[in-house]
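A quick write-up on the structure given underneath.
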């Protein structure tokens, strides 16, 4: 074989960091050793895997084509090593989740997973839908759990579970207790919403189709708790997933607002790269997702 797994590790490390030095640090190698491994890999086959752009190394067209195969080969090698060690489930798992899922759903799932596979090492990255999708497509994450609708040729997108957004307000807000809030009332409110690019904002925009441009959006915040605190302070009304509002509704610090003329239902999705090798840990995690 004219290449080594170490060379693949260096290739993929440089692809992720776009820098030999940072790739070497991640692999516990010297910069010179990493640079030599990459040069040897390119030289053995007479190819250029990266384009040099200033101090950055960007994947060449060939590098882009080969990266999914290299990721899969390395994942399979790691799975083979685990099998030789007699443990098919213990390993590293890098999971991405959008804000609502990451804060209110994923952590209990991780606890359940760790009870079953105590040695498993799980890293959780929480960001909006666009960021998680980009990281899964770049192989920086093994899989993602997202709230937003997505179309990406490199990703396998699977329906996971249903969710619903709820408009909410302070208990003393004029809309609190109103049996049916109409469009005219919605257009008179000050709205505190998630930022564009989030799945929650995407679902809200779709639900408000036809009047969206007439809404007064005063604040766009990246965190659900900040939105809840702002609404509790009387700064306006918000719209978030019911799952992250349930405690506040039970305490009475926030109240749901009835908007029967608008459809706030949505789906959550699981995403993986189409070329991603599903090792034992990833398979077990996906099974847990579908069972939850």
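The values are calculated or read from the model by the stated rules, or taken from the named source; none is laboratory data. Predicted model, so just to flag it, every value in this text is computed and none were measured. No Cβ is skipped: glycine too gets one built from the backbone with ideal geometry, and neighbour counts run over all protein chains shown.
Just one of 27, 38 is in contact with a helix residue (DSSP H, G or I) (Cβ under 8 Å, 6 or more places away or on another chain), without any contact (Cβ under 8 Å) to a residue 60 or more places away in the chain and farther than 25 Å from residue 93 by Cβ; which is it?
38
Looking at 51, 140, 75 in this structure, which one is modelled with pLDDT under 85 and not assigned by TED's automatic domain parsing to the domain that holds residue 248?
75
Hey, which of the strands (runs of 3 or more DSSP E) in the range 1-101, taking only ones fully inside, have at least 3 residues that are in contact with a strand residue (DSSP E or B) (Cβ under 8 Å, 6 or more places away or on another chain) and surrounded by fewer than 16 Cβ atoms within 10 Å (Cβ to Cβ)?
Correct list: empty, since no element meets the threshold.
Of the conditions (1) touching a residue at least 40 places away in the same chain (Cβ under 8 Å); (2) crowded, with 16+ Cβ neighbours inside 10 Å; (3) not in a loop (DSSP other than H, G, I, E, B), residue 158 fails just one. Which one is it?
Evaluating residue 158 over (1) touching a residue at least 40 places away in the same chain (Cβ under 8 Å); (2) crowded, with 16+ Cβ neighbours inside 10 Å; (3) not in a loop (DSSP other than H, G, I, E, B) leaves (2) as the failure.
For the range 229-254, give me each residue that is out of contact with any helix residue (DSSP H, G or I) (no Cβ under 6 Å at 6 or more places or on another chain) and more than 18 Å from residue 163 (Cα to Cα).
229, 230, 231, 232, 233, 234, 235, 236, 237, 250, 251, 252
Can you report the number of residues in the range 161-185 which are part of a loop (DSSP other than H, G, I, E, B) and either under 15 Å from the mean Cα position of the chain (by Cα) or under 30 Å from residue 79 (Cα atoms) (or both)?
Adding up the residues that qualify gives 0.
Residue check: is residue 177 modelled with pLDDT under 95 and over 27 Å from residue 98 (Cβ atoms)?
Taking the combined requirement at face value, the residue satisfies it.
Which of the following residues is assigned by TED's automatic domain parsing to the domain that holds residue 168, surrounded by 13 or more Cβ atoms within 10 Å (Cβ to Cβ) and closer than 16 Å to residue 169 by Cβ: 233, 203, 258, 207?
Answer to the check: 258.
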